[in-house]
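Heads up, the thing below is written out as structure tokens.
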Amino acid sequence: MANRTSLSKVIEENLDYLVRFACFRLGNKAEAEDAVYEAVLRLLEKDMSAINPGSLRLYLFRMVYNLCTDRRRAGATSRIPVESVDVEDDTEAALDMEEADRINACLDELPEREAEIIRMNVIDGLTFVEIGRILAIPSSTAKSRYRAGMERLRNRLNNSKM
């Protein structure tokens with residue numbers, strides 16, 4: 001049984017990760033912060049006695065994931081193009097932004113379920129077990145989708161260099 005103290009600790013320790021997690025899904029930091037805030041509010045409204053304290057982190061990630069999915073489906077998100085982001089006059093940072101934009105464009109061309117797992121593992125640093133719990137799929141399915149997605153991503157990246 002979770003209590004408010006353990007919930008506060010989980011939120012405090014994972015807030016930045018949750019915002020980044022949502023930001024990569026929604027493409028906008030303000031919308032990501034709104035989604036995380038909404039997830040926290042919904043969690044606070046729940047009966048905490050029914051939630052296992054060890055599962056709080058994944059439960060919160062699952063809530064944020066679902067909210068981001070709902071917002072994308074509703075068309076409530078607006079992606080910010082890389083060119084509109086104010087980047088310092090640092091050539092290396094500009095090249096990193098171009099490369100990140102190229103990779104994100106290739107990820108957007110993959111089947112959503114594969115791209116999502118790649119983002120969750122590579123960007124968010126979640127394990128396949130955690131990804132499986134968040135997406136309600138077996139971890140072996142998460143791994144196989146990751147492998148298939150990475151193979152497609154490699155092919156797309158190699159083809160886009162030409």
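When the stretch 124-146 is examined, which residues are found to be within 14 Å of the chain's Cα centre (by Cα) and either free of Cβ contacts under 8 Å to residues at least 12 places away in the same chain or outside any helix (DSSP H, G or I) (or both)? Answer for the stretch 124-146, where residues must be within 14 Å of the chain's Cα centre (by Cα) and either free of Cβ contacts under 8 Å to residues at least 12 places away in the same chain or outside any helix (DSSP H, G or I) (or both): Asp124, Gly125, Leu126, Thr127, Gly132.
A single entry from Arg113, Arg156 fulfils the requirement of being among the charged types (D, E, K, R), at pLDDT 90 or above and in contact with a helix residue (DSSP H, G or I) (Cβ under 9 Å, 6 or more places away or on another chain): Arg113. Selection of the stretch 1-47 for residues being in a helix (DSSP H, G or I) and over 25 Å from Glu116 (Cα atoms) yields Arg4, Thr5, Ser6, Leu7, Ser8, Lys9, Leu44, Glu45. Taking the stretch 119-134 only, how many residues are buried (at least 18 other Cβ atoms within 10 Å of the Cβ) and either more than 21 Å from Asp16 (Cβ to Cβ) or among the aromatic types (Phe, Trp, Tyr) (or both)? The total comes to 2.
The values are calculated or read from the model by the stated rules, or taken from the named source; none is laboratory data. Computed from a predicted structure; not experimentally measured. Don't worry about glycine lacking a Cβ; one is built from the backbone with ideal geometry, like all the others, and counts go over all protein chains shown.
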